[in-house]
Every structure is written in structure tokens, then in C-alpha cells.
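Below is one structure; the comments refer to it alone.
The values are calculated or read from the model by the stated rules, or taken from the named source; none is laboratory data. Since the structure is predicted, the reported quantities are computational estimates derived from the model, not experimental observations. In this analysis, Cβ positions are derived from the backbone assuming ideal geometry, glycine residues included, and neighbour counts consider all displayed protein chains.
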Amino acid sequence: MEKHELAKIEGHIESIRSAHAALADSSDADELFRIIHQPGWTTPAEVAFLTTALESMQAQTRQLTTMRQSLLIAAKLVSAGRAAGA
């Protein structure tokens, strides 16, 4: 692997790491909990839209977790002798 390719991959990994850390910040969830408990906060239609959005976010989170785990497993399967350019 060329140095510029390695640097690009490292940049992607760091970007993903930062994005995951930001998602793990609970302040947004805390604020959402506060908002949804306000009396008369929303209509039944808005509840349906919010529920759909939250379920989609959950599904995407599960998919990203599975993808990350699969990527790590696949990367471990590559041996130094079989690596590209080796």
C-alpha cells in the first residue's frame, strides 16, 4: 500500500471515530427526552413521523455496527503475505 493510500484510509478511520463519538454524546437524547415529555407537545401524525425516524436511526445504527464488526473481521483475515503489493 502506498503512503498516500494509507494516509487516506487513516483519515477515513479517524473521521468515522469522531462521528461515532459525536453520536455517543447523550446531550441530544437528553434534550429530546425533555421535549417529548412536555404536555401537548405533538400531534398523532407527528408522533408517527418521529417514531419512523427513530426506528430508521436504530436500524442504521445496527447496520453500521454490523458493518464495522465485519470490516474488522475481514481485515484480520488478510495476512501480510497476501496483502496487496506485498
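From the list E31, E5, E55, E14, exactly one residue is assigned by TED's automatic domain parsing to the domain that holds S79 and charged (D, E, K, R). Which is it? Before you say what the answer is, go through the steps one by one.
Details: E31 fails: assigned by TED's automatic domain parsing to the domain that holds S79; E5 fails: assigned by TED's automatic domain parsing to the domain that holds S79; E14 fails: assigned by TED's automatic domain parsing to the domain that holds S79.
None of the others qualify; the one that does is E55.
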Among helices (runs of 4 or more DSSP H) entirely within the chain, at least 1 residues that are acidic (D, E), surrounded by 10 or more Cβ atoms within 10 Å (Cβ to Cβ) and touching a residue at least 60 places away in the same chain (Cβ under 8 Å) occur in none
